[in-house]
Amino acid sequence: MNFRFITHDLIMGIKTWMRSPGTVFWTILFPVLLILIFGAIFSGADEVEYDLHVQDLDDSFSSKMFIDVLHNISALNVETISNDTDISEYMHDEDLSVVLQIPEGFEKTIHQSISDDNVTVNVSFYFDPSDQTTTSVLRSIVAGVLNEFNMDATGGRHVIGMNDVSTLGEDFDFIDFFIPGMIGFTIMTSCIYGSIERNTKYRKDGILRKLLTMPITRAEWILSKMLFMLFLSFVSTAVILIVGTLIWGVSVKINIFFFILIIATSFLFSGIGMIIGRFVKEQETADMAGGAVTFPMMFLAGTFFSLDMMPEFMQLIAQVLPLYYVNEGLRNAMIYSDMDKTVYFTAFVLVFAAVFFIIGIILTKWKED
């Protein structure tokens, strides 16, 4: 084995890496961003407090005692709601993930269980199936309290149970809510990386300078490239929906806002890619620059997990990221069928698309600086 060659090649590789300031910068920045993002998300995981709203239809001593037990759990912020409140509408208006309902006859059933082993009563656990993280945590806490309550009130017999009620009223799985986020994330990465790679490669190969001699305008060239990126966006979206439907049986709705969001999202992230490509001079650093932009949005915009598990300041950061509005717009259009929120989030995506695409066009030049 030629250790001299290995050592020499290693030294040359390090020198080459150090001669490229852009490569050094992005190599260092990328892991720094990752540790800052995940550190901020998970460092306060033990201090997370969850909101649990409870509707007490029984209004008895036993039901109040059950609510008191919930109050004593440090991870819960328990609030009671009036008995005449429609839970589904209340969860929608207050943007809640879970509401617990104690039924009438709660205390009566507990008393009857002393002489009749067959009587049971169920509290209703209303949940938003799109928020799997918060739902799972709160279900586990409530189930633990129910076990303790069964032990104290009935000597351990299973008298009090829990009935899960989806607020959507349809049989949706988590994959149905993951699909819209996956569509937004896929379009983001393909458009940003595609635009960066195209601009940096064309600049390095001198193609941009040669375009000056062609009988086309800069606007025509950019539009043709954007339409190609839009084509790829629809292809990738179709693939995700087809595979999700055939393999996982996803259930989504396709409407006019779905198409508007796909088009706007493609132009939005293509514009961001053009902006990055304008400042990334070296093709070798293009992927790192794209990753520095896409990775924070991927993890902070609610693509893979709920924003509720993040600290409040991180949730505020998420709400200024374009991908957050894309994800929420697609979910409301494809899953919730909530037209008010769909219009709201779509409007933000359209504004982002217009701003970043126009800036990208202005910054894209054929002449070298």
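Structural remarks
- Test: residue in the stretch 239-248 that is in contact with a Ser or Thr (Cβ under 9 Å, 6 or more places away or on another chain), under 18 Å from PHE352 (Cα atoms) and of a type in the set (Val, Ile, Thr): no
- Annotation note: of GLY271, GLY244, GLY249, the sole residue that is closer than 14 Å to SER195 by Cα and small (Gly, Ala, Ser) is GLY271.
- The residues in the stretch 314-323 that are in contact (Cβ under 8 Å) with a residue 12 or more places away in the chain and either of a type in the set (A, V, I, L, M, F, W, C) or surrounded by fewer than 23 Cβ atoms within 10 Å (Cβ to Cβ) (or both) can be counted, and the count is 5.
- Residue in the stretch 153-197 that is nearest to the chain's Cα centre (by Cα), counting only those that are modelled with pLDDT under 75 and of a type in the set (D, E, K, R): ASP176
- Selection within the stretch 318-345: residues that are part of a helix (DSSP H, G or I) and of a type in the set (Ser, Thr, Tyr). The member of this set that is farthest from PHE269 (Cα to Cα) is TYR336.
- Residue check for LEU52: out of contact with any Lys or Arg (no Cβ under 7 Å at 6 or more places or on another chain), modelled with pLDDT of 85 or more and surrounded by 16 or more Cβ atoms within 10 Å (Cβ to Cβ): yes
- Just so you know, in the stretch 105-123 the residues that are more than 13 Å from ASP56 (Cα to Cα) and hydrophobic (A, V, I, L, M, F, W, C) include one that is surrounded by the most Cβ atoms within 10 Å (Cβ to Cβ), and it is ILE110.
- The condition of being outside the structural domain of ASP93 (by TED's automatic domain parsing), modelled with pLDDT under 90 and within 15 Å of MET182 (Cα to Cα) holds for only one of GLY273, GLY291, GLY302, that being GLY302.
- Residue within the stretch 132-142 that is of a type in the set (Ser, Thr, Tyr), surrounded by 14 or more Cβ atoms within 10 Å (Cβ to Cβ), more than 29 Å from the chain's Cα centre (by Cα) and assigned by TED's automatic domain parsing to the domain that holds HIS158 present: no
- Residue in the stretch 324-333 that is assigned by TED's automatic domain parsing to the domain that holds SER270, over 18 Å from the mean Cα position of the chain (by Cα) and either at pLDDT 80 or above or of a type in the set (A, V, I, L, M) (or both) present: no
The values are calculated or read from the model by the stated rules, or taken from the named source; none is laboratory data. Remember, it's a predicted structure, so these values are computed and weren't measured experimentally. Every residue, glycine as well, gets a Cβ built from its backbone with ideal geometry; the counts of neighbours run over all protein chains shown.
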